Each structure stands twice: as C-alpha cells, then as structure tokens.
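Below is one structure; the comments refer to it alone.
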Amino acid sequence: MSESEAVHAEVETLFALVRERYGGRLDAEQLAGVRTAIVGIVEAACALRAVRLTNADEPGQPFAPHRADP
Amino acid sequence: MAEDVVWSPVRRLAEGIRSRRLSPVALAETFLDRLERLGPRYNAVVTVTRARALEQARRAETEIAAGSYRGPLHGVPYGAKDLLATSGGIPTTWGASPFKDRVFDFDATAIRKLEEAGAVLCAKLAMVELAGGMGYRQPNAAFTGPGINPWSRDAWSGGSSSGSGSAVAAGLVPFAIGSETWGSILSPAGNCGLAGLRPTYGRVSRHGAMALCWTLDKLGPLALTADDCGLVLEAIAGRDPADPTTADRRFRYDGAGPTGRRFRFGVLRDGCEEAVRENFARSLEVLRELGSVEEVTLPDLPYDDITRTILFAEATSAFEDLIESGGIAGLTAPEDRYTAYARDAILAKDYLKALRLRGVMAREADRVLATLDALVAPGRTTVAAMLDGEVRSAIRGTARDVMGAVGNGAGLPAVAVPNGFGARGLPTSLQFMGRAWEENLILAAARAYQSRTDWHARHPPEA
C-alpha cells in the first residue's frame, strides 16, 4: 500500500491512539500488523470521503421506534 | 443402506423417504457414520449430534409410517454451521477456542424451523473462528484446524462456512446451513463445487446465530443443486419476532422445473485468474442459450470500501468484550489476535458515510437489476487457496470483489453453482445475483443452467 502524506499523517495519529490503548499487550510484529491494518482503514475512509453526498442521503438502514405490546 | 444415497440431491432423497423406499433412521445412520469416519479427514465437523439425530430420525420414520408427511426435508439429514445455537447440551463454538465449551439452552430459529420441517440435525460443522471477522489471512483460522477441500486435500474448503462446504462436497450430509456476511456461503460453495444460496437480507431469521455484523449477516443453505437450496430456503425463511430485521414476506419455493423462460443476464466485468475467466466465458455460452447476455456497468463508487467499513465497525462492536478483554489472544490465527485493535481507528463519521453510501449503492444496484433477471459473474475470482498459502480477500483489501461488496452491502440474494475446474483440479463457480426478494428468479436461472451442465453431478474421487 502506498501512503500519501495526508494519509501518512492520519495513520500515525490513529496508530498512536491504538498503541496507547493496546500497545502494552502487543509485540513489535503485532504492532506493525496493526499499523498496516490502519493504513487500509484510512485509505478506505479517504475513498468514502471522496464521494459527495447530499443532505438528503440518509444511512441505508432503518431505525424504528420501539413500543412493547401491551 | 446403499452408498448411492450419498450425493443424492435432497429432492431425490425426499422422494425415497416419502414413498418409504428410504428409511430416515437408516439414512441418518449412513451419514452419521460418514461424519464420524470421514469428518476428521476434512476438519469438517465440530460435533456429531448422534443422539439428537437418531431421535429426530425415529420420529420422522414413525410420523411418515403413520401417513403424516411434513414435506421434502422430512427425514433428511443435515449439518449446521457451528454459529447456530443448539439446545440439549450440544456445544456452539463459533469456531473459536475461547468458546469451545459454550452451550446454549435454546435452538436458533433456523434450527427450530428445520426441526419443524422434519429435517435431522446430524452435525455442527466447522467454521473459521468468529466467521472470519477478526481479519484472518490463512486457512488455519479455527480451533478445529483449516477446512480441507475434498477435491484436493492440500487446498482450503473456503471460508467462513468451511465445514458446511466440505461436509456437503464429501457426502457427509446432503445439505448444510451456512452464514454469509461477505462471501462465507458463496466462497465455500465455489471452492467445493456446490450450490450455495445467499438469501436476501432479512429473509431468514438470525435469532440464535452468532452476530458478526448486524446489517450484513445472512443465513442460507449449501447443497448439491440450486433446486435443493430452494427447498431448504422455504423451510428456514420467514418473519420471526425474535429477529426484527426479518421481513414479513412469505417465501414459497417455485421449483416446478424449467419454465422455458428467456432470461436476461447482465455481466459486470471484474478481474479474475485465467482458468476462472475461461470457465466463465464457457458459462456465458450456455447462458446465451437460455436468454440474452449483456454487459452492464455500475457507477464508479468505492463499493469494497463501503462494505468493508461497515463490516469492520460492526464486527468490532459485536465482539467488543472479547477484544477489549484481550480474549482474542486465544484465537488460532496469529493475525486474529491483534488485527481488530486497529479498528479503533474507524471514525464514526466514516462509518456513517459508509452507511449513507450503502443507500446509494443499493439504489444503483437495483436500477441496474431492474432491467435484468440476474447479474452473473464468477462465484470467486480464483480457485481455492492452498492450505499453507495466504487467503486473498476483498474484506482485507487484498483482492477485489465488486459483486460481493454490492451484493452483501445491499443485502441482495445470490446463488453460486459449479461451472468447471481450474488450477490443480479445483472447482470454479458461477454466481447469479438478483434484486431483493427475487430468490425464485435466480434459482430458476441457476436450475436452467444446471439442466444444461453436469458439473454438479461430479463428486470428489477420494471422498
């Protein structure tokens, strides 16, 4: 995977967060694997952000109010 | 009982049972013996449910002898992916070592419905741990070992319904229930030379099934023929108050045989390996005898990224306790022990963007499908991975799968059927994907294809 500078910066910020939360239970090889996975997540996010949507484009899943049967 | 019942389609077994030429008890004994004897060869089985199977088979035999015939699954053995809850002390392991002794005190709705249809549960079948939701990269990602392909024992049976695929292909059960979040029915069906049906999201209740991704998970059958998949779907489909995502739409399988209908097929071009491409081209020649085939396109959207982001975010929430507690360290595949931690990097607004784009994707897919009976494509872009190789996966971004991303992201039904053999003598497959709720139409197309080919009548020589 190639990283642009913008992606790189975001990856490093998010990797720092994940390392802060879980680094104590991971070895160097596992941390490298986590970083690679974050690169994929950020690249996917960039692809999503690149698509313009309108205010009317709602999430494609319904929410239904709940009312228990009497 | 003669071995020729092995690899008999459900429909043929049902005829024998109904006419009392076949005994459900003897049938169960035959498949229980094969599960116990051959199951370990393929790492296909977690638990052989002998006592429950014989109890159900005896009940079926008594009922049928008394003239009470429930339908085409009455007395027919089957296996269930081990993410469906079963009562009676039968473990439900989710394929994962941390859960290998866990027992539920109720049956999943799909298990209950199959019992009501008279089917005989003979085994809980192996699967990739947690249905592959933790990021595995290799076949050896289950506490039962890698799923072994009956067509070549150095190849994978597929994921994540690996045991469901290898058990049906090896003649250990006539049909099996699998689940698909992204590829987990079509992949093992394709790898093992079977028919596999991914129903429309909401067609089959997931109550009692392990949740991987609430808005992507589906349950469906793997069987020898598309026709058998229709018979099984009718038994497990339907509204279930325990699963609010189920739709209030009745499904009655229309399996009356070839209708003479002229189908309209669309093809989305996507990259695949040479033998897969060649077999697909030959399949298109057959499909042109059944109707028209035209190339279609979808708008340029990041389909894989949409579905992948939804899957990662929901799977990580579904297994929050296991991940946060460090319990994933007990999983089998080394990468499953840490990859999920990375998903804390998914931002809420990106997950919501994926959900909003899913709506666009669903509308665009339906717009294309509205002019067709089915989109067709290779079931998988490659043959099965080697057991010691890396599994290429669109879920991790190491392969492309637009059909899978759209089909699963938009909740559309698809059926895969075998269409030849590729590298190392491994099966390849053809998939038909339809509009939401059009299972009967894609099954009719798949049946028509299977009426003109005999790939589904071939079985692994060693099994």
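Here are a few things to note about the model shown:
- Any pair with Cβ under 7 angstrom, 6 or more apart, that starts in region A:49-70 at a residue that is facing chain B (nearest Cβ under 10 Å) and ends at one that is among the small types (Gly, Ala, Ser) and surrounded by 13 or more Cβ atoms within 10 Å (Cβ to Cβ): A:Asp57/B:Gly359; A:Glu58/B:Gly359; A:Pro59/B:Gly359; A:Gly60/B:Gly359; A:Gly60/B:Ala362
- Annotation: of all residues in region B:342-362 being crowded, with 21+ Cβ neighbours inside 10 Å and of a type in the set (Gly, Ala, Ser), the one that is farthest from the chain's Cα centre (by Cα) is B:Ala345.
- Subset of region B:316-326 (residues that are crowded, with 16+ Cβ neighbours inside 10 Å and within 11 Å of chain A (Cβ to nearest Cβ)): B:Thr316, B:Ile323
- Test: B:Ile310 is closer than 24 Å to B:Gly407 by Cα and within 7 Å of chain A (Cβ to nearest Cβ): no
- Residue match in region B:363-384 (condition: within 13 Å of chain A (Cβ to nearest Cβ), in contact with a Ser or Thr (Cβ under 8 Å, 6 or more places away or on another chain), at pLDDT 95 or above and closer than 28 Å to B:Ser283 by Cα): no
- Cβ pairs under 7 Å, 6+ apart, first in region B:441-459 and over 15 Å from B:Ala416 (Cβ atoms), second of a type in the set (Asp, Glu): B:Leu441/B:Asp373; B:Arg452/B:Glu289
- Test result for A:Arg35, under 14 Å from the mean Cα position of the chain (by Cα), facing another protein chain (nearest Cβ under 7 Å) and modelled with pLDDT of 95 or more: no
- Scanning region A:1-32 for residues that are part of a loop (DSSP other than H, G, I, E, B) and either at pLDDT 95 or above or more than 10 Å from every other protein chain (Cβ to nearest Cβ) (or both) yields a total of 5.
- Taking the criterion of being more than 26 Å from the chain's Cα centre (by Cα), in a helix (DSSP H, G or I) and free of Cβ contacts under 8 Å to residues at least 24 places away in the same chain, the residues of region B:324-341 that qualify are B:Glu324, B:Ala329, B:Tyr341.
- Any hit, region B:298-317, residues being more than 25 Å from the chain's Cα centre (by Cα) and under 19 Å from B:Asp217 (Cα atoms): no
- Flag if B:Glu439 is charged (D, E, K, R) and touching a helix residue (DSSP H, G or I) at 6+ places or on another chain (Cβ under 9 Å): yes
- Just one of the numbered conditions (1) within 14 Å of chain A (Cβ to nearest Cβ); (2) under 17 Å from the mean Cα position of the chain (by Cα) is not true of B:Arg396: (2).
- Restricting attention to region B:363-411 and to residues that are surrounded by 22 or more Cβ atoms within 10 Å (Cβ to Cβ) and of a type in the set (D, E, K, R), the residue that is farthest from B:Tyr303 (Cα to Cα) turns out to be B:Asp373.
The values are calculated or read from the model by the stated rules, or taken from the named source; none is laboratory data. In this text, all values refer to a predicted model and were calculated from it rather than measured experimentally. Every residue, glycine among them, receives a Cβ derived from its backbone with ideal geometry; neighbour counts consider all protein chains shown.
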